[in-house]
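The block underneath contains the structure these notes are about, expressed in structure tokens.
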Amino acid sequence: MLVADNGIFDFFSHSTWIVIRNLTIFFVVVFWLATAFWVYKDARRRIEDPWLVGMAVVLGLVPPFIGPLVYMLFRPPEYLEDRRERELEIKAMEQRLSRRDLHCPVCRAEVDQSFLVCPVCTTRLRQACRNCKQPLEALWQVCPFCETPVEPAAVESFGETQALSPPRRERRA
Ligand SMILES: [Zn+2]
Ligand SMILES: [Zn+2]
């Protein structure tokens, strides 16, 4: 009994116990700093405001180990780059949709804003300026590119204008 007590006493006082204790403390501290660093890296990918990132890091440090869990509960759900990518996608989709809005009123073929006639069915889509040949909008009184006045008489003289006007209005609406 006495021998066993001495054995236990020896074990606790022995330097190996101190080494084990120090190693445990060391690993706990390393793990603590690692979780705080993880919070820092994660917060930087999710939060734009550097002050909020700093607050997240403080939360990651204090209270140890519980702070990162609290951070995980309240962090923004998506990464900044994902959000930017999504916004770009939406913008691109809107552009595609607005471009698709322009189509030939007769054959529904996709046409560009600068087209004078539909390349598929040859319907006249716009008048060209007499002077610089730029495509003109129906309501323009003067060519914005060269300041040449758009003469209504000249427009009327085009045989296709009558067929043109209604589809133009339809596209505007
Ligand atoms: Zn067409
Ligand atoms: Zn012009």
Task: Pair list, Cβ < 7 Å and 6+ apart or interchain, from segment 26-39 residues that are under 13 Å from residue 66 (Cβ atoms) and in contact (Cβ under 8 Å) with a residue 24 or more places away in the chain to residues that are small (Gly, Ala, Ser) and surrounded by 11 or more Cβ atoms within 10 Å (Cβ to Cβ) - done: 35/60; 36/60; 39/56; 39/60
TODO: Select the helices (runs of 4 or more DSSP H) contained entirely in segment 17-123, then report the ones holding at least 2 residues which are of a type in the set (Lys, Arg) and out of contact with any helix residue (DSSP H, G or I) (no Cβ under 8 Å at 6 or more places or on another chain).
DONE: 80-100
TODO: Give the residue that is nearest to residue 140 (Cα to Cα), with candidates limited to residues of segment 117-126 that are over 37 Å from the mean Cα position of the chain (by Cα) and surrounded by fewer than 16 Cβ atoms within 10 Å (Cβ to Cβ).
DONE: 122
Open item on the list: I'd like the full set of residues that are within 14 Å of residue 116 (Cα to Cα) and modelled with pLDDT of 50 or more, limited to segment 132-163.
Closed with: 132, 133, 134, 135, 136, 137, 138
TODO: Filter segment 97-116 for residues that are away from ligand 1 (no atom under 12 Å from the Cβ), among the small types (Gly, Ala, Ser) and more than 16 Å from residue 137 (Cβ to Cβ) and give the result.
DONE: 98
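The values are calculated or read from the model by the stated rules, or taken from the named source; none is laboratory data. Quick caveat: nothing in here was measured; it's all calculated off a predicted structure. Here Cβ is always computed from backbone atoms with ideal geometry, including for glycine, and neighbour counts include all displayed protein chains.
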